[in-house]
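Have a look at the structure below, then the notes.
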Amino acid sequence: MSDQELDNAPARPMRTVKSFVMRAGRMTEGQKRGLDLGLPRFGLDLEAGLQDFDTVFNRQAPRTFEIGFGMGHSLLEMAAAAPEQDFIGVEVHRPGVGALLNGLLTQQLSNVRVYSCDALEVLRQCVPDASLDRLLLFFPDPWHKARHHKRRIVQPEFAELVRSKLKVGGVLHMATDWEPYAEYMLEIMSAAPGYRNQALDGTYVPRPEERPITKFERRGERLGHGVWDLKFERIE
Ligand SMILES: C[S@@+](CC[C@H](N)C(=O)[O-])C[C@H]1O[C@@H](n2cnc3c(N)ncnc32)[C@H](O)[C@@H]1O
């Protein structure tokens, strides 16, 4: 390419640092079944672009978006407990996607749709503005080392992206068991425009009942570990 061609070439999009590393993982038979039979029924494609979720679910219902559902335990429990609501789950870890899909088939749930890719791309490309009632981020990877903090999913740009996708009155609910990450979330979210912290004292909310308690959290409780919940409401 000549210098002039280089000057005229469209700027390459900035490399975005990912909040995850793809892990190779062996699949159980159940997870394979989930992917084989569940993806065609519940899977959505990033490449399909912007979605009208009323059409996808064939109804108008309160809508929750969960980033990084892991093995899907909380998402399954929430969806089973609230059949009148719709849920969109996004996870990059394939065995986790298989596990969730297998659970949806076994429990015969129809109020969940699943993306198997980067949730930030899904938010940017597939989710209409002001269309979500809740966005959940439970126990995101804490990226402990200072030089890895840039990989943390919670950043000022994340707060702004999420705000644009929540309805006014919609809530970003985050939970973490790593206190320095909780403090970091609080700092980023308190500085983010257009939100109100639902905690009365401006810090953390008491553990909300609607967040299912996981085995991992129960074990942490026994060991005396803390969990911090943050809820920020879009106000403008
Ligand atoms: C520490 S695990 C927590 C899983 C689950 N929420 C729980 O509470 O058990 C964090 C998960 O987020 C996923 N993840 C991280 N960044 C993601 C992204 N940008 N899009 C989708 N999933 C992501 C990881 O693959 C991982 O499974």
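The values are calculated or read from the model by the stated rules, or taken from the named source; none is laboratory data. Just so it is clear, the structure is predicted and the values come from calculations on it, not from any experiment. All Cβ positions, glycine included, derive from the backbone under ideal geometry; neighbour counts span all protein chains shown.
So here's what we get for this one:
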| item | result |
| --- | --- |
| Members of region 19-55 that are within 21 Å of the chain's Cα centre (by Cα), part of a helix (DSSP H, G or I) and of a type in the set (A, V, I, L, M) | LEU35, LEU39, LEU46, ALA48 |
| Cβ pairs under 7 Å, 6+ apart, first in region 81-93 and among the polar types (S, T, N, Q), second part of a loop (DSSP other than H, G, I, E, B) | GLN85/ALA61; GLN85/PRO62; GLN85/ASN111 |
| Test for LEU105: is it hydrophobic (A, V, I, L, M, F, W, C) and either at pLDDT 95 or above or within 15 Å of the ligand (Cβ to nearest atom) (or both) | yes |
| Residue count, region 165-180 (criterion: in a helix (DSSP H, G or I), touching a Pro at 6+ places or on another chain (Cβ under 9 Å) and more than 16 Å from THR64 (Cβ to Cβ)) | 1 |
| Criterion violated by GLY224 - all others in (1) at negative phi; (2) modelled with pLDDT under 95 satisfied | (1) |
| Region 124-145 - residue that is in contact with a Lys or Arg (Cβ under 6 Å, 6 or more places away or on another chain) and within 18 Å of LEU75 (Cα to Cα) and, of those, surrounded by the most Cβ atoms within 10 Å (Cβ to Cβ) | LEU132 |
| Matching residues in region 15-53 - criterion: being under 20 Å from ALA119 (Cβ atoms) and among the basic types (Lys, Arg) | ARG15, LYS18, ARG23 |
| Residue list for region 46-63, filter: surrounded by 12 or more Cβ atoms within 10 Å (Cβ to Cβ) and without any contact (Cβ under 8 Å) to a residue 24 or more places away in the chain | ASP54 |
| Conditions (1) surrounded by 19 or more Cβ atoms within 10 Å (Cβ to Cβ); (2) closer than 23 Å to GLY49 by Cβ: number failed by TYR181 | (2) |
| Per-region count, region 71-102, residues within 9 Å of the ligand (Cβ to nearest atom) and either on the phi > 0 side of the Ramachandran plot or part of a helix (DSSP H, G or I) (or both) | 5 |
| GLY68 vs. criteria closer than 18 Å to LEU166 by Cβ and either within 11 Å of the ligand (Cβ to nearest atom) or over 17 Å from the mean Cα position of the chain (by Cα) (or both) | yes |
| Candidates SER74, SER131, SER110, filtered to the one that is closer than 24 Å to VAL21 by Cβ and touching a Leu at 6+ places or on another chain (Cβ under 9 Å) | SER74 |
| Evaluation of ILE213 against (1) more than 16 Å from the ligand (Cβ to nearest atom); (2) without any contact (Cβ under 8 Å) to a residue 60 or more places away in the chain; (3) assigned to a loop (DSSP other than H, G, I, E, B) (one fails), failing number | (1) |
| Complete set of residues in region 108-147 that are within 15 Å of the ligand (Cβ to nearest atom), closer than 25 Å to ARG59 by Cβ and in a strand (DSSP E or B) | VAL112, ARG113, VAL114, TYR115, ARG134, LEU135, LEU136 |
| Matching residues in region 162-184 - criterion: being within 18 Å of GLY202 (Cβ to Cβ) and touching an Asp or Glu at 6+ places or on another chain (Cβ under 6 Å) | VAL171, ALA175 |
